Amino acid sequence: MCRWCEPGGRATGAGLLERPAQRLVGRSWQGTHGEAEAGAILSLLKSVQAEAGGGDTFAGPIVALSWSDRADGFRTFVGVEADGAGNSLERDGERIDLPAMRFATDWHDASGGDVLEHYAALIEWVRATGHRWDKARLHHREEYPRHADFSAPPALRLMLPVIAG
């Protein structure tokens, strides 16, 4: 099954999803919510897409991880799975090793409205299904198609790490 057809994929609604242990290579950013709204994260997404190569529909997703670890902002890592391709991310990017994790997930498409409202609905779904949002390793994971058009309204997989309640 392709990643876009898994639970929480384009047509299935919220669901639970396992991700295996994974090594990502990419770039980090930290700053304020205002800086993010002004385009800092969008710029980072575009930069990683350009460095990793964005044209292959079947390439693994661009992954954005975030940690809300300060009152005035947060930090983000944007990367792709390390695959030995030899691109500039492989040569000089930061590396993050993730353990296998379980996520609550839902697909947010371009017509889905506000991403933050969609996250709020996903958080409620987590509570309603008896799970807990597990912020021990990271707070959010987002997956974007490698060929995403970052000048258009966002289309992405929203993911919250969870454990049984």
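Each value in this text was obtained by applying a stated rule to the coordinates, not by laboratory testing. Since this is a predicted model, take the numbers as computed values, not measurements. Please note: Cβ atoms are built from the backbone with ideal geometry, for glycine as well, and neighbour counts cover all protein chains shown.
Worth a mention:
- So residue 134, is it free of Cβ contacts under 8 Å to residues at least 40 places away in the same chain and either surrounded by 13 or more Cβ atoms within 10 Å (Cβ to Cβ) or closer than 25 Å to residue 26 by Cβ (or both): yes
- For segment 140-163, residues that are surrounded by fewer than 18 Cβ atoms within 10 Å (Cβ to Cβ) and touching a strand residue (DSSP E or B) at 6+ places or on another chain (Cβ under 6 Å) total 1.
- Residues that are within 12 Å of residue 27 (Cα to Cα) and free of Cβ contacts under 8 Å to residues at least 24 places away in the same chain within segment 92-126 comprise just one, 92.
- Residues that are of a type in the set (A, V, I, L, M, F, W, C) and out of contact with any helix residue (DSSP H, G or I) (no Cβ under 9 Å at 6 or more places or on another chain) within segment 25-39 comprise just one, 38.
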